[in-house]
Amino acid sequence: MEELKISLFEKGDIDSLVKIEEECFSYPFKAKDFEGLYESDISNVLIAKKGEDVVGYVSFTVILDECQIINFATQSLYRRQGIGKEIMNALFSHCKEKGVTKYFLEVRVSNAPAIALYKSFGFYEVGVSKGHFRAPLEDALLMNLEL
């Protein structure tokens with residue numbers, strides 16, 4: 001079995017990221033969105049690769065001591081294999097070096113697997129954003145973590 005490698009993304013990874021977005025989200029990021037993250041001074045993407053295949057990622061923004069998780073996804077073929085946990089651990093390590101102590105995210109209220117993963121890391125619910133997601137229209141659960 002190929003080893004999982006997690007690193008910051010490169011421009012050559014964008015097509016793979018777009019494919020995962022299209023598989024996982026009803027309003028997926030486009031290549032230009034990832035190009036914007038690549039050019040950003042405050043945002044980035046950590047990717048998980050098995051061999052040459054990008055199998056998951058987390059996009060995020062860091063401002064001062066706060067990290068907002070933008071999108072987090074794993075290819076359906078690779079779910080329930082611990083890859084999400086590895087990506088989150090890599091995110092925490094990366095952000096710790098930058099002095100991050102607070103994390104924020106929004107997740108669909110129906111996304112029980114993601115909510116369970118976040119809670120396993122100590123995220124807690126702080127509110128609901130009504131009608132936050134489109135297609136289908138759905139509320140977002142707002143979650144925070146303070147280390």
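The values are calculated or read from the model by the stated rules, or taken from the named source; none is laboratory data. Remember, predicted model here, so these are calculated numbers, not experimental data. Reconstructed Cβ throughout: ideal geometry from the backbone, glycine too, with neighbour counts over all protein chains shown.
Tabulated data
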| read-out | value |
| --- | --- |
| Matching residues in region 1-23 - criterion: being surrounded by fewer than 16 Cβ atoms within 10 Å (Cβ to Cβ) and modelled with pLDDT of 95 or more | 5, 7, 8, 10, 11, 12, 15, 19, 22, 23 |
| Number of the exception - residue 26 against (1) within 18 Å of residue 145 (Cβ to Cβ); (2) of a type outside the set (D, E, K, R); (3) at pLDDT below 95 | (1) |
| Filter result for residue 44 (of a type outside the set (A, V, I, L, M, F, W, C) and either in contact with a Pro (Cβ under 6 Å, 6 or more places away or on another chain) or part of a strand (DSSP E or B) (or both)) | yes |
| Filter result for residue 86 (buried (at least 19 other Cβ atoms within 10 Å of the Cβ), out of contact with any helix residue (DSSP H, G or I) (no Cβ under 8 Å at 6 or more places or on another chain) and either touching a residue at least 40 places away in the same chain (Cβ under 8 Å) or not acidic (Asp, Glu) (or both)) | no |
| Pair list, Cβ < 7 Å and 6+ apart or interchain, from region 33-55 residues that are closer than 12 Å to residue 17 by Cβ to residues that are basic (Lys, Arg) and not in a strand (DSSP E or B) | 38/11 |
| Filtered residue count, region 97-129, keeping only those that are part of a helix (DSSP H, G or I) and in contact (Cβ under 8 Å) with a residue 40 or more places away in the chain | 1 |
| Residue within region 101-112 that is surrounded by fewer than 16 Cβ atoms within 10 Å (Cβ to Cβ) and under 23 Å from residue 7 (Cα atoms) present | yes |
| Of all residues making up region 57-83, the number that are surrounded by fewer than 13 Cβ atoms within 10 Å (Cβ to Cβ) and part of a strand (DSSP E or B) | 1 |
| Leading residue by the ranking (farthest from residue 26 (Cα to Cα)) among those in region 130-143 that are in a strand (DSSP E or B) and out of contact with any Lys or Arg (no Cβ under 7 Å at 6 or more places or on another chain) | 143 |
| Residue in region 21-30 that is in contact with a Leu (Cβ under 8 Å, 6 or more places away or on another chain) and of a type outside the set (Lys, Arg) present | yes |
